[in-house]
Amino acid sequence: MGAQRGHVQSTRASMMAGEFDGGDGTRTPPGSGDAWGRVCDKFRREYGEHAYKTWLGQVGFVGIDGGSAELAAPTRFVRDWIQRNYGPRLRDYFSAENPQIRDITIHLRNPAAAEPVGQTGGQTGGGAPSPSAPQTPGTAAQPGQAATPQKMEALDRRYTFDSFVVGKSNELAYAAAKRIAESQEIPFNPLFLYGGVGLGKTHLMHAIAWEVTRHDPTKKVVYCSAEKFMFEFVAALRYKDSHAFKQKYRTVDLLMVDDVQFIANKDSTQEEFFHTFNALIDNRRQVIITADRSPTDLEGIEERIVSRLGWGLVADIHPTDYELRLGILQSKAEQAGSVMVSGDVLEFLARRITSNVRELEGALNRVMAYATLVGRPITMDMTRDVLQDLLRANDRKLTVEEIQRAVADYYNIRLSEILSQRRARTIARPRQIAMYLSKQLTARSLPDIGRRFGGRDHTTVMHAVRKIEDLRRSDSAMDEDITRLSRVLEA
Ligand code: ADP
Ligand code: MG
């Protein structure tokens, strides 16, 4: 369904697709029940009564939003099964009923109870935090059971400020989150956090929630994914219960909506989101939003919403650099405690797994799990072996030109000078360094590298490589420069 979704997302649907007609937003779409009935009938005819009873019969029709038919399944298994095996057909049935429907979305009927805690793929079991839920090691100030507001979507106990490692790429986001969690007033509203997947946005939101409720357990804090927000809203429309919905979201002290890019093109959800958002801000309540891109880059979200999202503080989380990755690995290895991981292995992982923190954590966990299972200490060979697939996926091919550019930048000269025939030391030395790094960091041959440096001979490259090797041994400042450069290039 992935590809089809993508297509649908970029197709801007009309105000409220299908039988919804906007207005007060609380009407049950006339005849949509029949449409659903006809979809079910078609399914029965095509797949038989048994398949219907086992699968589609378990699913409820919730409503239509922005060109998407919203269904609710009782379990993750039923949802996934239907999506995989009947998704495209169901979409066809719906499109036949109403050509504006180009997509179906199947939710879990009770996401908070059925989804595992957090976004980490279900290592922590399901449901609300219980006293036996895993604790973040080494924190005295545990967010206690009593301080967990009822309205909160399940929060991951491991996602605290204490367990968040700060580096250059996330320091602004961290500082902003911390400020909100600790201040009595509202420092900026809304806070809009954005960055690529797996870089800590959800972690920071949960940390804020824990911290705020720890300070003041009476505070009404609501954390939800934009998907859940949408699901509840559509369900409220369907069951004519939008008053309770408004009540729930508009009376909170702190509202956090995660991954707001999800409501792109879901027009009626956006509308409600916008009203909720305005109401909260007007009442001086804190709002925090995350997305995978900046407000202005969000597509399929109305202009007025985009502009309001940018009113407060917009903080981005950049991809990690080597130092941060190493710091995160050290902290996770320490927390895990049971298995020793050597500095070499941690450095190797930090250098090679550059995609995002989630993968980095996953890599470390895999190596540790493997070592525990086979009862052997973790070696470099074992690490390479266990992580083969991950390492390959993270192998970004570095080009000679990228190296030349990075070196030119570093020494403040022009790329054209590196390629030129000039022999001044200020140019020639960086040129040799770039040749050396090209040899070290790419698979290119000496003649090949020579050609890419303004058509030089392979002996020139070889000479450069030897020269720099010597200098690294004798000149520690030079050695440091080169270490730094290779890290930048490999990051
Ligand atoms: P996002 O919401 O941005 O996709 P998450 O918050 O889910 O990312 O983070 C993915 C994983 O990486 C989580 O397990 C989280 O704890 C971890 N993580 C991300 N950034 C950091 C960090 N700076 N320090 C410690 N753990 C981090
Ligand atoms: Mg997230």
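Please report, in debye to the nearest 20, how large the charge dipole of segment 322-395 is about its Cα centre when each Lys and Arg carries +1 at its beta carbon and each Asp and Glu carries -1 there.
Using only the charged Cβ atoms, the result is roughly 100 debye.
So, in Å, what gap is there between the alpha-carbon centers of segment 326-395 and segment 244-289?
Using only Cα atoms, the two centres lie 39 Å from each other.
If I compute solvent accessible area with a 1.4 Å probe over the protein chains, what percent of it on segment 322-389 is carbon and sulfur?
Looking at segment 322-389 in its full context, I get 50 percent from C and S.
For segment 295-315 and segment 457-491, what is the centre-to-centre distance using only Cα atoms, to the nearest Å?
So the separation of the two Cα centres works out to 45 Å.
What accessible area per residue comes out for segment 322-395, rounded to a whole number of Å², with a 1.4 Å probe?
Per-residue accessible area for segment 322-395 comes out at 52 Å².
For segment 160-319, give the percent of accessible area contributed by carbon and sulfur heavy atoms, probe 1.4 Å, rounded to a whole number.
Carbon with sulfur: 48 percent of the solvent-accessible area.
Using each residue's phi in segment 382-393, evaluate 6.51 cos²θ - 1.76 cosθ + 1.60 at θ = phi - 60° and report the 3J(HN,Hα) Karplus result to the nearest Hz, with x for Gly and Pro.
With coefficients 6.51, -1.76 and 1.60, one gets 4, 4, 4, 5, 5, 9, 2, 5, 4, 5, 5, 5 Hz.
Leaving ligands and nucleic acids out of the surface, order R45, R38 by accessible area at 1.4 Å, largest first.
Values: R45 185, R38 110 Å².
Largest accessible area first, the list is R45, R38.
Could you tell me what percent of the accessible area of segment 400-490 is made up of carbon and sulfur, with a 1.4 Å probe and every protein chain present?
Solvent-exposed carbon and sulfur of segment 400-490 make up 45 percent of the total.
Using only the heavy atoms of the protein chains and a 1.4 Å probe, how would E46, E302 rank by accessible area, largest first? Could the numbers behind the result be given before it?
Details: E46 85, E302 40 Å².
Result of the area sort, largest leading: E46, E302.
The values are calculated or read from the model by the stated rules, or taken from the named source; none is laboratory data. Please read these numbers as outputs of a predicted model, since none were measured by experiment. Glycine gets a Cβ as well: all are built from the backbone with ideal geometry, and neighbour counts include every protein chain shown. For accessibility, only protein heavy atoms count, side chains too; no ligands or nucleic acids. Shrake-Rupley method; radii C 1.70, N 1.55, O 1.52, S 1.80 Å.
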